[in-house]
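See below for the structure under consideration.
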Amino acid sequence: MFPFLEIKRYRDFNKNRFPKIYTLAAEQNRTRSDIVRDILYARFGYEPESLSPEQVNEDRVGERQEEKKVKCRCIIVRVDEEYRNMFLKYILTQSGGLIETIEGT
């Protein structure tokens, strides 16, 4: 399994965040996924390993292919597996998260 995160375009999220992401991507001549990935990595202070230009292109192709497969409108972001594991652990340990829900039943 490739480490993808799917950022869905919900009505409320779409009003404020997506236009800003599109604008930043256009201004910086980068993809929307690049912008979201940078935001996610910065949020946790994560420093990814540098990738070769070939790997960057491969990741972008993978993101576009995955976006075409998904039925809903979203941004697919390919992240390092180490980051994905850290991100999921963070989500699971949040108040009201899955762990508390399971333990409370």
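Read the figures in this text as sums done on the coordinates, not as results from a lab. Predicted model, so just to flag it, every value in this text is computed and none were measured. Note: ideal-geometry Cβ built from the backbone for every residue, glycine included; neighbour counts use all protein chains shown.
Peptides 33-41, 45-53, 77-85, ordered by how many other C-beta atoms sit within 10 Å of their residues on average, highest first, read 33-41, 77-85, 45-53.
Calculated on the alpha-carbon coordinates, the convex hull of the stretch 4-79 measures out at 93 cubic angstrom per residue. Using the Cβ-Cβ distance between T93 and I39 with R0 set to 25 Å, the FRET efficiency from 1/(1 + (r/R0)^6) comes to roughly 0.75.
For the stretch 45-95, the fraction of C-alpha pairs more than 17 angstrom apart is 52%.
What FRET efficiency would be calculated for the residue pair R64, N85, taking the C-beta separation as r and a Förster radius of 30 Å, to the nearest 0.05?
Working: r = 24 Å, r/R0 = 0.81.
According to the calculation, E is roughly 0.80.
Using only alpha carbon pairs under 8 Å that are at least six residues apart, calculate the relative contact order of the stretch 4-79 and give it in whole percent. Walk me through the numbers on the way to the answer.
On the way: 58 pairs, mean separation 40.5, N = 76.
Reported relative contact order: 53 percent.
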